[in-house]
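Derivation of every value follows stated rules applied to the coordinates shown; laboratory data play no part. Quick caveat: nothing in here was measured; it's all calculated off a predicted structure. Counting neighbours? That spans all protein chains shown, and the Cβs are built from the backbone with ideal geometry, glycine included.
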Amino acid sequence: MPHFIMDCSESVLKYHEETFIIEQIHLVAKATGLFNERDIKARMNPFKTYTVGNNNEDFIHVFAHIMQGRTTEQKAKLSQQVVSKLVSLFPDIPNIAMSISDFEKATYCNRTML
């Protein structure tokens, strides 16, 4: 935790390698100071088939799933920083966005908690 999952059009990979993009998302998340670096998980899902507004425009959307407890302001700043980094890496991609959802502590479980 946290999880940063980037959905994107497959053609995004012609600009930068997948490992580089994932690393950049990781670095932005780390720089916020909101997370322990060892806990940050980032991955990507490039899509060959998709539509955006019934067109075939390139897109990037990052879905962040984080443990509850951060303020709305902290989450907004995180979204802005990630989107800003992606816009700088992909200036020609018209659709770049991010959304954040909170995990509820009471219902979260992982292997070490068993």
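Data overview
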| read-out | value |
| --- | --- |
| Model label zone, T32; criterion: amide N under 12 Å from point 7 Å along Cα-to-beta-carbon; scope region 72-114 | 72-84, 98-103 |
| Beta bridges by DSSP in region 3-113, antiparallel share as percent, to the nearest 5 | 30 |
| Relative contact order (%) - region 3-113, alpha-carbon pairs under 8 angstrom, separation at least six | 33 |
| Amide H within-cut-off set for I100, under 5 Å, with H built and near neighbours excluded | A64 |
| Test item: Cα-centred dipole of region 1-69, Lys/Arg +1 and Asp/Glu -1 on Cβ, debye | 180 |
| Per-residue ³J(HN,Hα) for region 15-29, Karplus 6.51 cos²θ - 1.76 cosθ + 1.60, θ = phi - 60°, Hz, x for Gly and Pro | 8, 8, 6, 4, 5, 5, 4, 4, 4, 5, 4, 4, 5, 5, 4 |
| Segment T72-A106, length gained on full extension (0.36 nm per residue, minus Cα span) | 10.3 nm |
| Residue among A64, M1, H16 farthest towards the positive dipole end of region 1-70, charges placed on Cβ | M1 |
